[in-house]
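Below is one structure; the comments refer to it alone.
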Amino acid sequence: MFVHLFHSRLQIKFTILITALILVVMSIVAVIIVFREQRMIEDKVLQKGTLLINTLCAASEDPLIKADYPALRDFADETCTDKDIAYVYIFEDSTRKCVAYSEQQGNHSYEGKSYEYFTDSLSQKIFNATGLFTEKHIFKRQDVIEISKPVVTEDIQYGIIRIGLSLKNLDKELNHTTLVVVVISIFAVLIGSVFAWFLTIIILNPLKILVKSVNTVAGGDFTHRVELKTDDEFRTVADNFNKMTSNIDILYDVSNKMSFSSDTEDLLNIILDKALNALSSSHGSLMLVDESEKYMKVAVVRGFDTTTRTFLKIPIGEGIAGTVAKEEKGLIINEGYKDERFKIFGDGPSYEKNIKSLLCVPLKADKKILGVINIVNKLNKEYFSDTDLKFMEVLANQAAIALSKAKLYEESITDGLTKLFIHRYFQSKLDDEIKRANRYKTGLSLLMLDIDHFKKFNDTYGHLQGDSVLIHTANIIKDSVREIDIACRYGGEELAVIMPATDTEGAYIVAERLRKKIEEHNFPAVNNGKTLHVTVSIGIATFPVHAELKQDLIHKADQALYLAKANGRNRVNVMT
C-alpha cells in the first residue's frame, strides 16, 4: 500500500511538473510570437508612414515656398482622412510657425502657433533633427508613432512635416494573435497533463527528448520536430506536440509572409498553398466574391484543370461553397459529390466525382465575406476532422484580414478607373527608381503617353466611351510592359510608364510596340456592336542622359510627348 501511495504521489508530482513546464514554455512561445508580430506590424506602419511623409514633403515643397497655406491645410486634412493617421503638422521655417494642423476630429487648434509654443521634449527633438525622425509616444491616451522630416531642397530647409500614426489596429491584431496562441497553449497544456499522468520512470528518457524539443521551439525554431521510436502513450504526446508546433509554424510563416506582401494575387497563392500544406492535401481552390456580391469566381486553383473552372460564376447560396459564403460558417463534407448540398456547375467535368472529402471555410474580414477556401481529399485518404476545420478557420481569419488590408492598400495607390498607379504613387516611385539607378549606375527611362484628340473623342462619343477607351488602353499597357515596370495614370488621358534598368533604345522598342498595339486594337463601342480606333503619342526621356533630377526628367519626357503631337501624332519621340 505504501509503495502504491509512493507511486501515486510521484505521478501527481510528475504531472504537475510537466504541466507547469509546458505552461511556462508555451508562455515564452506566446511572448515570442506576440513580440515578433508587434515588431512586424510596427515596421509595416513605419514603412507606410515613411512613404506618406516622403509624399507629403514632395507635395508641400511648392506651397511652402509660395506660402500657400490653404493648400497645406488641404494636404493635412486629406491625409487625416486615413483612419490610421492621428494628426498632421506642417511647419514653415521662414515664419517659424505651424501653418497647417489637422486631426481625425477636424481640430486645427495649433495653426498659427510659433516654434516657441511647442516646448515638449518631442517637439524639440524634431526641430533639431536634420533628417527623418521617428519616436513612439502617447497622444490622447493612445499609442502613436511620430514620424517627421524636414522639407529640404538644394540644402535649403523650408519647413517640417510631422505625422502621428495611430496603433489602434496594432492592438487589435495583437489581441487576435494572442488569442490564437493562448488557445493552442491551453490545448498543449491539457494534452501534456493527461499523458504526463501515465508517465513512468522507464520512459523518462523520451521525456528528456520532449523537454529538449520544447526548449528548442521556445527558442524560436518552430520547424523542430520530436522524433521518438516508441509506440506507447508518450508517442501520442510527441505526435500532438509536433502537430501543435507545425500549426504554430504555419501560422507564424503565413503571418510573416502576409505582413510583407501587399500584392493581392501573391497573397491568394500564399493563402491557398499554406492551407493545402497545413491539411496535407494537393487539391483545392480559393474563390472570391465579385463586385456584385451575388457570385463567386475561382481566383486560385491547385490540382485541378483550371481551363474549365476559372470562368465559372458560383451563385452565393448554391452548392457547398455558396452555402458557406451565405451562412458564413465552415463545413466538412465527407460524402463528397454524394452530399445533397453538392452541386456540379458548368458541364460537370468528370473529376467532380473524385471529390471524396471536402473542407470549406469562409474568408471574412470586418463582417464582410470576401470568399471561401476549398480543400479537397487528404493525401492519406483520411476524412477531414473538426480539428482541421477549427485550424482552417483560424488560418482563414488571419488570411482574410491580410487580404482585406492588401486590397485597401492597392485601392489607395491605384486609379479606380484604369487600375494603374495614381499620380502620388508615380512621384514617389520615380524618386525611388532614380535613387536606385544612380546608386547602381543603371539607366532609367520614362514614357509619357497621351491619347490623341481625346477631348474631341469625348465630345463625339461621350465620356462613357472615353472611360472605356482609357480602361482598354491601360490594359494594353499592363500587358505590354514588364513586371518591374511601373504603369501610372499621370492625369486625365495622360499615362506614364517608369522603366527601370532601361536605356533609350530599349524604351523606344517598347514604346513603338505599344503604339502599334493601340493603333491596331479594336475598341468596343459602348452603345453598339461596332468598334472604334484611337492612336497615341509617346514621349521618352532617359536618366541620366536627358536629365538627372526627377522634375527635369518628367519635363523632358513631357517635351518629347509635345513634339510627338506637334509632328503629327501617332508617333514615338525621344528627347534630344
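The values are calculated or read from the model by the stated rules, or taken from the named source; none is laboratory data. On a predicted model such as this, the values are computed, not experimentally measured, just so you know. Ideal geometry is used to build each Cβ from the backbone, glycine not excepted, and the neighbour counts take in all protein chains shown.
Would you confirm whether or not segment 449-469 contains a residue that is crowded, with 20+ Cβ neighbours inside 10 Å and either over 33 Å from the mean Cα position of the chain (by Cα) or part of a helix (DSSP H, G or I) (or both)? Working first, answer last.
Restricting attention to segment 449-469, the residues satisfying the condition of being crowded, with 20+ Cβ neighbours inside 10 Å are 449-451, 466, 469.
Within this subset, residues satisfying the condition of being either over 33 Å from the mean Cα position of the chain (by Cα) or part of a helix (DSSP H, G or I) (or both) are 466, 469.
Yes: segment 449-469 contains one or more residues that are crowded, with 20+ Cβ neighbours inside 10 Å and either over 33 Å from the mean Cα position of the chain (by Cα) or part of a helix (DSSP H, G or I) (or both).
(1) in a helix (DSSP H, G or I); (2) of a type in the set (A, V, I, L, M); (3) surrounded by fewer than 20 Cβ atoms within 10 Å (Cβ to Cβ): which one isn't true of ILE477, the others all being true?
(3)
Hey, could you check segment 382-420 for residues that are more than 16 Å from LEU272 (Cα to Cα) and among the hydroxyl-bearing types (Ser, Thr, Tyr) and say which is surrounded by the most Cβ atoms within 10 Å (Cβ to Cβ)?
Ranking the candidates gives THR418 first.
Please state which one of THR177, THR134, THR119 is surrounded by 15 or more Cβ atoms within 10 Å (Cβ to Cβ), over 22 Å from LEU51 (Cα atoms) and of a type in the set (S, T, N, Q). Spell out how you get there, then give the answer.
Working: THR134 fails: over 22 Å from LEU51 (Cα atoms); THR119 fails: surrounded by 15 or more Cβ atoms within 10 Å (Cβ to Cβ).
Just one listed residue meets the conditions, THR177.
Taking the condition of being more than 15 Å from ASN374 (Cα to Cα) and at pLDDT below 70, how many residues in segment 306-337 meet it?
Residues flagged as more than 15 Å from ASN374 (Cα to Cα) and at pLDDT below 70 within segment 306-337 amount to 3.
Among LYS530, LYS556, which is at pLDDT below 90 and basic (Lys, Arg)?
Numbers: LYS556 fails: at pLDDT below 90.
Sole residue among the options that is at pLDDT below 90 and basic (Lys, Arg): LYS530.
Only residues that are of a type in the set (Val, Ile, Thr), under 31 Å from the mean Cα position of the chain (by Cα) and at pLDDT 90 or above: list them for segment 75-111, please.
Filtering segment 75-111 down to residues of a type in the set (Val, Ile, Thr) leaves 79, 81, 85, 88, 90, 95, 99.
Next, only the ones that are under 31 Å from the mean Cα position of the chain (by Cα) stay: 79, 81, 85, 88, 90.
If the condition is that a residue be of a type in the set (Val, Ile, Thr), under 31 Å from the mean Cα position of the chain (by Cα) and at pLDDT 90 or above, then VAL88, ILE90 are the ones that fit.
Among residues belonging to segment 503-521 that are touching a residue at least 60 places away in the same chain (Cβ under 8 Å) and within 33 Å of the chain's Cα centre (by Cα), point out the one that is farthest from GLY443 (Cα to Cα). First the steps, then the outcome.
Initially, segment 503-521 is screened for residues touching a residue at least 60 places away in the same chain (Cβ under 8 Å), giving 503-504, 506-508, 510-512, 514.
Filter once more, keeping what is within 33 Å of the chain's Cα centre (by Cα): 503, 506-507, 510-511, 514.
Values: ASP503: 5, GLY506: 10, ALA507: 10, VAL510: 15, ALA511: 16, LEU514: 20 Å.
Among residues in segment 503-521 that are touching a residue at least 60 places away in the same chain (Cβ under 8 Å) and within 33 Å of the chain's Cα centre (by Cα), the one farthest from GLY443 (Cα to Cα) is LEU514.
Could you figure out which of (1) in contact with a Leu (Cβ under 9 Å, 6 or more places away or on another chain); (2) assigned to a loop (DSSP other than H, G, I, E, B) isn't true of LYS381?
Of everything listed in (1) in contact with a Leu (Cβ under 9 Å, 6 or more places away or on another chain); (2) assigned to a loop (DSSP other than H, G, I, E, B), LYS381 misses just condition (1).
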